[in-house]
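Notes follow the structure.
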Amino acid sequence: MALIPLESELTVGPGIYCADVTYLKLSPSKAAAWVDCPRRYFYTYVEHRRSTRSWAHFSFGLSIHNALREWFDLGPDERTPDVVSDVMSGVWIDAGFKDPEQASHWRARAVEMVTAYVESLDPAFEPFSSERTLAFKADGFIVEGRIDRIDASGDLYSIVDYKTGKSIPDADEVRGSQALSMYALMVQRALGKECFGVSLHHLPSGQVVQWTHTQESLQRHLDRVSQIASDIVLAQDTWEGAEVSAEVSAESLDEQIRDDVFPARPSALCGYCDHWDVCTVGQGFMDRKQPWDGLAQEVGYSR
Ligand code: SF4
């Protein structure tokens, strides 16, 4: 597999240091961007296009994640349901909401959800870590990600991922989640801990859905991620090779190669895509959504 030069030198996660050699770094959200729509991957990770648009549903989800992190960072005596409102005040993000009234409504909803969630916890409960970024080197690429929470019970570690979207997850979603499986492998390989349990904690419903992987099922997920990494490397190598010839070729050649190796894959996500403004395929597929439309849809926060 060819290596994509991303940085001249890279330190990723505890205990992993790579000098001289650079690798494709693949987070679960980056892999998902490729699978959902290679053109979206191109705009985001190859062209590094910045979006000026904020989405209310992202603000809502991110605020909840931040509030839970801050709450767990408090001392055991301070960590009560009563302080959630104050904690939320410090981390709430207003961006993307229609107006202050709408933001205020959703902020109250966020406080309600987080309060109910922490009330459901054993007061003596202590997570192993909250919002921790880990990485490990796989075959020719690096898997990295930020894990909402890692729990520990004796020598057994498990992954917790918070969900704030509308749809209630089921066991198939948890078992099939590439992100959760990569997080479990991060704990195994970056921290050297035994980790097979993964769970989604759905805050709107209070439901917790768990799954216990085997080493074989985690390896199957890693094999699929490895295939995604190979596809990305091939596409990016093709694109970078084409950029050299673009100096002497027609501009349309660039577009043709981009269309071939990073094809647009329109879907219901187009209206929420940060790159809709520059994507004629997405524009032809569906209208632009308003920044607050995702609040009423099945679009959750993810990273
Ligand atoms: S608008 Fe749709 S087709 Fe275009 S990049 Fe975004 S997700 Fe892909």
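Using a Gaussian network model on the chain with a 10 Å cutoff between Cα atoms, which of Pro263, Pro38, Pro100 fluctuates the most? Residue with maximal mean-square fluctuation among Pro263, Pro38, Pro100: Pro100. The translational diffusion coefficient of the chain, from Stokes-Einstein at 25 °C and 0.890 mPa s with a Kirkwood hydrodynamic radius over alpha carbon pairs, comes to 117 µm²/s.
Each of Thr44, Thr80 was scored by other Cβ atoms within 10 Å of its Cβ. Listed from fewest to most, they are Thr80, Thr44.
If one computes P(r) from the Cα atoms of the range 56-119, what percent of pairs lie at distances over 20 Å?
On the way: 420 of 2016 pairs.
Tail fraction, whole percent: 21.
Do you know the Lys pair count in the chain for C-alpha distances under 29 Å, with sequence separation 8 or more or different chains? Lysine pairs meeting the criterion: 17.
Just so you know, all these numbers are worked out from the coordinates, no wet-lab data involved. Note that the structure is predicted; figures quoted are calculated from it, not measured. FYI the Cβ positions are ideal-geometry reconstructions off the backbone, even for glycines, and counts take in every protein chain you see.
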